[in-house]
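The values are calculated or read from the model by the stated rules, or taken from the named source; none is laboratory data. Note that the structure is a prediction, hence the values are computed from the model and not measured. Positions of Cβ are backbone-derived with ideal geometry, glycine not excepted, and every protein chain shown enters the neighbour counts. What goes into the accessible areas is simple: the full protein's heavy atoms, side chains included, and nothing from ligands, DNA or RNA. Shrake-Rupley method; radii C 1.70, N 1.55, O 1.52, S 1.80 Å.
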Amino acid sequence: MDLIAHLIAGKSQTSAGTSPVFNPATGEQRGAVAAGGKPEIDAAVTAAQAAFPAWAATTPSRRAKVMYEMRRLLIARGDEIAKVISAEHGKMHADALGEVARGQEVVEFACGIPHLLKGSFSPSVSTGMDSYDQRQPLGVVAGITPFNFPAMVPLWMMPMALACGNTFILKPSERDPSAANLLHDLWREAGLPDGVLNVVHGGKAAVDAILDHPGIAAVSFVGSTPIAKYVYARGSAAGKRVQALGGAKNHLVVMPDADLDQAADALMGAGYGSAGERCMAVSVAVPVGEKTADALIAKLKPRVQSLKVGPASDAGAEMGPLVTAAHRDKVVSYIDSGAREGAELVVDGRGLKLQGYEKGFWLGGTLLDRVTPEMTVYKEEIFGPVLSVVRAESYENAVGLINSHPFANGTAIFTRDGDAARDFTDRIQVGMVGVNVPIPVPVGYHSFGGWKSSIFGSHGVYGPESVHFYTRLKTVTARWPTGLRSGAQFHFSER
Ligand code: NAD
């Protein structure tokens, strides 16, 4: 059985405690991960602080060379990373490869760091006086990441934090921690000096030690909303810069003029891909009008019934197991509550068993119709292969429904009407919006982030926003002796 250790200053380090890591397809324990806390975070901060001055003084061009090399390694070793992800998360190999490719996009953006760190310069702001901006790294920064993208979410953070000249401590999810260690090894191979990147495993004790440590200047968090809120409050109280991305309830509006086959296919991929364990998964379909709703359900029902569920090793499978037995049971309890509270269970995925994988954490695709805003399945994030259909009487009702939900990560509209699409993108109170695109995750050179309870803190991750998050602005106003003397000045004068 694998023992997944911390990686501090380039060396493996264990802890007295561990927690189990499962293969969700077989239900068997495949490893144990070290459970770190304050002593391990203290050691990682010491290593990252020691490495900071030299890394911050490394020219942006040289830091970019590490990014170029990391890009090459991600391409060369992507398959290996994807296999590790599937083994611990359960997602399909193609999906795991896609996650690595999305992370690679951020590395590609970070290759342009010399350009991204260019400041602005204003000559002659006053007689003989010039002014210029400079963006400087913060110091030691930390990332705390969720289970659902064990490579992509760390790669949302590490490339830009490092390219900006910071040193980094990653605290990955304890449920699928191996991808983080593999990424650490690739960064080292790419040329990152020891101590610039450290990985500390664990749960709440490690997170609390990060939030309280005075040597950590900033924290990027991605995970569920209750923990995001907690991380933001505790980290900010300790004087840190914090960005904390939380949960989601993403709606997809289907207008009466939409191509319904296209919309149904989009809902299948966005609702059930990666077993619905995506923060940008569509969990609510909102058909406008009863006729649209009936036609959409007629198209979705057979598709959900014939969804191919299986392990990542089955090339024909479309969806894998859930990450743990506890998470599977939680999702089942949401389906129970939907049925109890009056939703129509069109397809019931509970009780699915797979021959040869009897102990796996399986759940079939589930479709609930006539869900209403008062139901628990609508109010809360389920994070599983469960699609709820909320029928809207009109387009205005659909917009009102979405704008009233506390979560505001992503949303989409399917229509052929440019007017409706434009009105939707203008008025919808959500951070990432798709027009005939079900999962509108921004490319690496835009930034990712929701609104309302889907984010705490003011910056999105990766893209241009990350340059601001991972640096501090300094503005220099300079005058060199010119022989002109103006005497002491006691008041601001006109420049
Ligand atoms: P989670 O909140 O349980 O865990 C996230 C991180 O917080 C992990 O590293 C975990 O070890 C740590 N953690 C867990 N409980 C803690 C506690 N009590 N105190 C301190 N730290 C704690 O999330 P998860 O289940 O790993 O991931 C799924 C969630 O992440 C979903 O809600 C999903 O929507 C969200 N997510 C959001 C985005 C986004 O960009 N908004 C992206 C991916 C996932």
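A few notes on this one:
- The set of residues from region 35-60 being in contact with a helix residue (DSSP H, G or I) (Cβ under 9 Å, 6 or more places away or on another chain) and open to solvent by 70 Å² or more (accessible area, probe 1.4 Å) comprises Lys38, Pro39.
- If you filter region 354-373 down to residues that are closer than 20 Å to Gly289 by Cα and in a loop (DSSP other than H, G, I, E, B), you find that the one that is least open to solvent (accessible area, probe 1.4 Å) is Val371.
- Selection status of Gly450, surrounded by 20 or more Cβ atoms within 10 Å (Cβ to Cβ), over 14 Å from the mean Cα position of the chain (by Cα) and within 24 Å of Gly431 (Cβ to Cβ): no
Per-residue answers, yes or no, for (1) near the ligand (Cβ under 9 Å from one of its atoms); (2) at pLDDT below 95; (3) over 18 Å from Arg77 (Cα atoms):
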site: Gly128; (1), (2), (3): no, yes, yes
site: Asp133; (1), (2), (3): no, no, yes
site: Gln136; (1), (2), (3): no, no, yes
site: Val141; (1), (2), (3): no, no, yes
site: Asn148; (1), (2), (3): yes, no, yes
site: Ile169; (1), (2), (3): no, no, yes
site: Ser173; (1), (2), (3): yes, no, yes
site: Pro177; (1), (2), (3): no, no, no
site: Ala180; (1), (2), (3): no, no, no
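- Test: residue in region 429-445 that is of a type in the set (Phe, Trp, Tyr) and open to solvent by less than 10 Å² (accessible area, probe 1.4 Å): no
- Residue match in region 333-353 (condition: of a type in the set (S, T, N, Q), within 16 Å of the ligand (Cβ to nearest atom), in the same structural domain as Ala298 (by TED's automatic domain parsing) and not in a strand (DSSP E or B)): yes
- Of all residues in region 424-446 being in contact with a Ser or Thr (Cβ under 7 Å, 6 or more places away or on another chain) and within 14 Å of the ligand (Cβ to nearest atom), the one that is farthest from Gln136 (Cα to Cα): Val430
- Just one of the listed residues (Phe52, Phe121) is in contact with a Gly (Cβ under 8 Å, 6 or more places away or on another chain) and either closer than 16 Å to Asn166 by Cα or among the hydrophobic types (A, V, I, L, M, F, W, C) (or both), and it is Phe52.
- Selection count where residues are in a loop (DSSP other than H, G, I, E, B) and closer than 19 Å to Leu155 by Cβ, scope region 458-475: 4
- Residue count, region 61-77 (criterion: small (Gly, Ala, Ser) and surrounded by 18 or more Cβ atoms within 10 Å (Cβ to Cβ)): 1
- Filter result for Asp176 (acidic (Asp, Glu) and open to solvent by 10 Å² or more (accessible area, probe 1.4 Å)): no
- Close pairs from region 240-256: first more than 18 Å from Ile428 (Cβ to Cβ), partner more than 13 Å from the ligand (Cβ to nearest atom) and part of a strand (DSSP E or B), Cβ under 6 Å, at least 6 apart: Lys240/Ala218; Arg241/Ala218; Pro256/Val288
- Within region 198-211, tally of residues that are more than 7 Å from the ligand (Cβ to nearest atom) and free of Cβ contacts under 8 Å to residues at least 40 places away in the same chain: 1
- Residue match in region 257-267 (condition: within 12 Å of the ligand (Cβ to nearest atom) and under 25 Å from Phe149 (Cα atoms)): no
Let's see how each residue does on (1) charged (D, E, K, R); (2) under 21 Å from Ala293 (Cα atoms); (3) away from the ligand (no atom under 16 Å from the Cβ); (4) surrounded by fewer than 15 Cβ atoms within 10 Å (Cβ to Cβ):
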residue	(1), (2), (3), (4)
Val390	no, yes, yes, no
Gly400	no, yes, yes, yes
Thr415	no, yes, yes, no
Val467	no, no, yes, no
Arg479	yes, no, yes, yes
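- Residues located in region 1-30, provided they are over 29 Å from Pro311 (Cα atoms) and among the aliphatic types (A, V, I, L, M): Leu7, Ile8, Ala9, Ala16
- Options Leu368, Leu300, Leu354, Leu345: the member that is farther than 30 Å from Glu80 by Cα and touching a residue at least 40 places away in the same chain (Cβ under 8 Å): Leu300
- Pair list, Cβ under 7 Å, 6 or more apart: region 216-235 residue more than 17 Å from Gly203 (Cβ to Cβ) and in the same structural domain as Pro146 (by TED's automatic domain parsing), other residue charged (D, E, K, R) and more than 11 Å from the ligand (Cβ to nearest atom): Ile216/Lys240; Ala217/Lys240; Ala217/Arg241; Ala218/Lys240; Ala218/Arg241
- Scanning region 274-285 turns up no residue that is farther than 25 Å from Arg328 by Cα, buried (at least 23 other Cβ atoms within 10 Å of the Cβ) and touching a helix residue (DSSP H, G or I) at 6+ places or on another chain (Cβ under 6 Å).
- Checklist (1) among the aliphatic types (A, V, I, L, M); (2) within 18 Å of Ala270 (Cβ to Cβ); (3) assigned to a strand (DSSP E or B) applied to Ile382, failing item: (3)
- Complete set of residues in region 105-158 that are surrounded by 24 or more Cβ atoms within 10 Å (Cβ to Cβ) and in contact with a His (Cβ under 8 Å, 6 or more places away or on another chain): Asn148, Pro150
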